[in-house]
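The values are calculated or read from the model by the stated rules, or taken from the named source; none is laboratory data. Predicted model, so just to flag it, every value in this text is computed and none were measured. So basically every Cβ, Gly included, is an ideal-geometry build from the backbone, and we count neighbours across all protein chains shown. Ligands, DNA and RNA are stripped out before the accessible areas are found, and what is left, the full protein with its side chains, is counted by its heavy atoms. Shrake-Rupley method; radii C 1.70, N 1.55, O 1.52, S 1.80 Å.
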Amino acid sequence: MAKDLTLEQIHKCYATDSGKRIIIDDISLHVPKGSFVTILGSNGSGKSTLMRLITGQEEPTSGSILLDGQNIPRLGHVGLVSQELNLFPWRTALENVAFGLEMQDIPSQERLKLAKVYLEAFGLGAFLNQYPSQLSGGMRQKVAISRTLVTAPDIILMDEPFSALDFQTRTGLQCFLLQLWAKLKETIVFVTHEVEEAVFLSDFIVVISTIPAKIKKIIPVSIPRPRSRNSPDFAKVKAEVFTVYGATSCLGNQELKEALDFLQRHKAKNV
Amino acid sequence: MRKALFSFGLLLGLWQLASSLGIINELRFASPLAILRGIIEIEEIGLPPDYYLHTHIYYSMKLVASGFGLALISAIPLGVLIGASSKVRAFLRPVLEFLRPIPPLAWIPIAMLWFGIGFPSACFIIFLGAFFPILLDTAHGVENVPKGLVDSAKILGAKPKELWLKVYLPASLPSIVTGLRLGMGIAWMTLVAAEFTGVQDGYGLGYMIMTARDLQRLDLICAGMAVIGIIGILLERLLQLISHFLLRGQE
Ligand SMILES: Nc1ncnc2c1ncn2[C@@H]1O[C@H](COP(=O)(O)OP(=O)(O)O)[C@@H](O)[C@H]1O
Ligand SMILES: [Mg+2]
């Protein structure tokens, strides 16, 4: 059942050959129960590391992670859908979705029935007995989401789940996810590096800096749903996010200009 | 499949023709018909008399099954251990690297010294042939189980026992099955030589071929070879079917 999530002064460092490396530097955050929060940060900023801490795969170097204010075991209670999906290739769609229930010792009949209900609700009723290798990217994504949802986790984490998909599939799944969330009232922490996706989906956006990850700003999004990507409100929030998140793009332009100048000079010489 | 049968049939026809026309000397290599007659003769009269073909086959199969079975039950657990633990791997690798290139047949003298002549010796040789492919492929499979799959199982609440039975085992199965098929191939190939070490009760396909040689019956030697070839193909097909069944969705 949905719970709220509290991160208190989370630090994470790894020991590497070149010494101690700080990946996450003092992140504190409260995610209210039933809310949809997006963590926005560029590639390599430490987002996936933060997810591994929340699922309980790893422990923070210091700080605490609380569910409903309590420090309780998280493995098996926090769901994660990642970009790689990690579906079990030897299990059919139905058996994949039933895996988490199997770990909870729910009898075979019941777990298959429940898994079937989810897949059918996701429009995959005709693909229950297909293996992941026989499904399209979008379908696999839905199987992965149902595999997590069916276990009714306290928190649902989604780590760039749609990044590998084409535009049509991605926007379709975004709408789908929002409808689902509206019904289930789950607490969702969604990780992305795309501003538009963040603005479209979330109640509030947590913008984090590049490594080590720190919270730069928390931006609430109060546009009513369903949101239109073309509305002036949407553009306004996007612009606001960009002022925090997109600050490095000028530097890129400068480098590009230098490269183009160089090419031009090089061409001129060769003529 | 149909194409394979056709090409095989054509080859047999041409071979028979060449033998009948005297292009292939019947004293050097038997014709398909002579081989067929030979097979029937061994089954009906026996080689030596009263030692029938199906009993030779049964004996050889029992030998291969024993050697292969021993390899299977020892190589899979050891392979899992090596694949799962980098410490065990580091410790055992030098020994294995040293033992692996020694051909199973090179063990024959020592096998005879240890076990004498007969079933245990031959079984040991076959065991050695099958052991290393199964061991190495099992270790390789377990070592290379994608970390992402293990992680997602843990996140879904899998405990160590469930991780082993429901993730490591199925994920490394393709590799284990490859090892089993390789191992079976080698086991069958070492069979004849293993039986050359001598078998006390006078049965076995390899022993049967040696008897044919002693009698200078070329047709029966070739008949024995043909039977070994056919059973080898059937075994390979059987394992292929089993592996298709085990590896649904993973190919
Ligand atoms: N186990 C580890 N040991 C050392 N460095 C790590 C480890 N895991 C992640 N990192 C480093 O942490 C940084 C952030 O990685 P990650 O959390 O995957 O970022 P993101 O998901 O935002 O792209 C990377 O530079 C990566 O090399
Ligand atoms: Mg990541």
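So the values come out like this:
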{"quantity": "Solvent-accessible area per residue, Å², over region B:30-246 with all protein chains present [probe radius 1.4 Å]", "calculated": "49"}
{"quantity": "Estimated FRET transfer efficiency when R0 is 22 angstrom, pair residue B:62-residue B:102 (beta carbons, to 0.05)", "calculated": "0.30"}
{"quantity": "Amide N proximity, region B:58-94 versus residue B:115 label position 7 Å along Cα-to-Cβ, cut-off under 18 Å", "calculated": "B:58-76"}
{"quantity": "Built amide H within the under 5 Å cut-off of residue A:23, gap 5+", "calculated": "A:12, A:13, A:14"}
{"quantity": "Length added when fully stretched, residue A:22-residue A:42, from 0.36 nm per residue minus Cα-Cα", "calculated": "5.5 nm"}
{"quantity": "Selected from B:136, B:215, B:63 as most flexible by GNM, with chain B as the system and alpha-carbon contacts under 10 Å", "calculated": "B:215"}
{"quantity": "Interchain or long-range residues, amide H under 5 Å from residue A:221's placed H", "calculated": "A:204, A:205"}
{"quantity": "Whole-Å distance, taken between Cα centres, linking region B:74-104 and region A:146-183", "calculated": "44"}
{"quantity": "Fraction of alpha-carbon pairs over 32 Å apart in region B:30-246 - percent", "calculated": "30"}
{"quantity": "Antiparallel bridges, percent of DSSP beta bridges restricted to the protein assembly as shown (to nearest 5)", "calculated": "55"}
{"quantity": "Long-range HN-HN contacts of residue A:191 with modeled amide H, under 5 Å", "calculated": "A:39, A:158, A:159, A:160"}
{"quantity": "Lysine pair number, Cα distance threshold 25 Å (strictly under), chain B, separation 8 or more or different chains", "calculated": "9"}
{"quantity": "Estimated FRET transfer efficiency when R0 is 30 angstrom, pair residue B:201-residue B:240 (beta carbons, to 0.05)", "calculated": "0.40"}
{"quantity": "Eligible lysines near residue A:217 by straight Cα distance, threshold 28 Å, same-chain separation 8 or greater", "calculated": "A:3, A:12, A:20, A:33, A:47, A:185, A:236, A:238"}
{"quantity": "Solvent-accessible ranking of A:154, A:203, largest area first, probe 1.4 Å", "calculated": "A:203, A:154"}
{"quantity": "Sum of side-chain charges, residue B:133 neighbourhood, beta-carbon under 10 Å (Lys, Arg +1; Asp, Glu -1)", "calculated": "+1"}
{"quantity": "For chain A, radius of gyration divided by Kirkwood radius, i.e. Rg to Rh on alpha-carbons", "calculated": "1.03"}
{"quantity": "Within-14-Å neighbourhood charge of residue B:34 [Cβ basis; K, R +1; D, E -1]", "calculated": "0"}
{"quantity": "Interface burial for B against A (accessible surface, 1.4 Å probe, total of both chains, Å², rounded to 100)", "calculated": "1700"}
{"quantity": "Principal axis dimensions, largest first and in whole angstrom, of region A:22-129 by Cα", "calculated": "46, 31, 26"}
{"quantity": "Summed side-chain charge close to residue A:11 - residues other than residue A:11 whose Cβ falls under 9 Å, Lys, Arg +1, Asp, Glu -1", "calculated": "-1"}
